[in-house]
Amino acid sequence: MLYIIEKDPKMVDVLTHRLLESSDGAFPGNALGGFGFKNVVIIPGDVMETDLSAVPFNKIVANLPYSISSDVTFRILEQKFDMAVLMYQYEFAKRLEASAGSKDYGRLSVHAQYRAKAEILFDVPKSFFEPAPEVDSAVIRLIPGPAGYEVRDVPYFLRVTQALFSQRRKKVKNTLINNRMMIGIPELKEILSDLCPEDITESEIIAMMDKRPEELPPEKIAFLAGFLYDKREERKNDKAQ
């Protein structure tokens, strides 16, 4: 079954006529009617407001609106499916598949790759369209799957990632301290200053402090977020006693 989500009422009318209505001519899909497909369902509405969990799909194919690519992508990644093939603005697609240390690597890369493997299949130059848009595009494949590393608390992991890449060119230690309220640990400067090099976990955290966020692969960010999460919970428990 093919499910089509379309926001534009005029396009809904066109799709209904061309795909669902039966042709009364000799050739299916001619000007007098449509193909009369029985395995197509057209869902009028905004994809950002549609209850995707109520749509029994396992694959997604779409040319997403570039202005809301990030919002739509993460909404899709909250669902269970086997594969998505999507077209994005080229720069956005590069950020989705980027690895640590590259100029395209950032918060989007970490968040997306936690949920799925991203791979650019091919580029789509703007010259392929008439009239030509202002940007090039790329088609990317997303395959959901386990990240291969532990995340202690997903919302907190995402928050720490956001904090880190808010100042991606600063060193990790300074960025964390500057965003200590977002992370929920006002005493973070003192905590980081008291780390013990002889402790295995804390020595690994110390090794991250002089790096820049863009140098940390997702699994390292997850490790750091787990450490900070535990420290935050310890402070909460201390205050509750």
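Below is a table of values for the structure above.
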{"read-out": "Residues of region 43-56 that turn out to be touching a residue at least 24 places away in the same chain (Cβ under 8 Å) and out of contact with any strand residue (DSSP E or B) (no Cβ under 6 Å at 6 or more places or on another chain), as a count", "value": "7"}
{"read-out": "Test for A207: is it of a type in the set (G, A, S) and within 13 Å of T161 (Cα to Cα)", "value": "no"}
{"read-out": "Test: residue in region 138-150 that is under 14 Å from the mean Cα position of the chain (by Cα) and crowded, with 18+ Cβ neighbours inside 10 Å", "value": "yes"}
{"read-out": "Residue satisfying all of: in region 162-182; closer than 16 Å to A207 by Cα and among the basic types (K, R); surrounded by the most Cβ atoms within 10 Å (Cβ to Cβ) among these", "value": "K173"}
{"read-out": "Single unsatisfied condition, D104 versus (1) over 17 Å from the mean Cα position of the chain (by Cα); (2) crowded, with 16+ Cβ neighbours inside 10 Å; (3) free of Cβ contacts under 8 Å to residues at least 24 places away in the same chain; (4) not in a helix (DSSP H, G or I)", "value": "(1)"}
{"read-out": "Residue in region 207-214 that is under 20 Å from the mean Cα position of the chain (by Cα) and either surrounded by fewer than 16 Cβ atoms within 10 Å (Cβ to Cβ) or assigned by TED's automatic domain parsing to the domain that holds A100 (or both) present", "value": "no"}
{"read-out": "R168, sole failed condition from (1) out of contact with any helix residue (DSSP H, G or I) (no Cβ under 9 Å at 6 or more places or on another chain); (2) under 25 Å from E91 (Cα atoms)", "value": "(1)"}
{"read-out": "Qualifying residue in region 154-161 (condition: surrounded by fewer than 16 Cβ atoms within 10 Å (Cβ to Cβ) and assigned to a helix (DSSP H, G or I))", "value": "yes"}
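Here is a yes/no grid of residues against (1) over 16 Å from the mean Cα position of the chain (by Cα); (2) at pLDDT below 95; (3) of a type outside the set (V, I, T); (4) crowded, with 17+ Cβ neighbours inside 10 Å:
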site: A31; (1), (2), (3), (4): yes, yes, yes, no
site: S53; (1), (2), (3), (4): yes, yes, yes, no
site: I60; (1), (2), (3), (4): no, no, no, yes
site: I68; (1), (2), (3), (4): no, yes, no, no
site: D71; (1), (2), (3), (4): no, yes, yes, no
site: A84; (1), (2), (3), (4): no, no, yes, yes
site: Y88; (1), (2), (3), (4): no, no, yes, yes
site: K94; (1), (2), (3), (4): no, no, yes, yes
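The values are calculated or read from the model by the stated rules, or taken from the named source; none is laboratory data. Treat the numbers as computed from the prediction; the structure is a model and nothing was measured. A quick note on method: Cβ atoms are made from the backbone with ideal geometry, for glycine too, and the neighbour counts reach across all protein chains shown.
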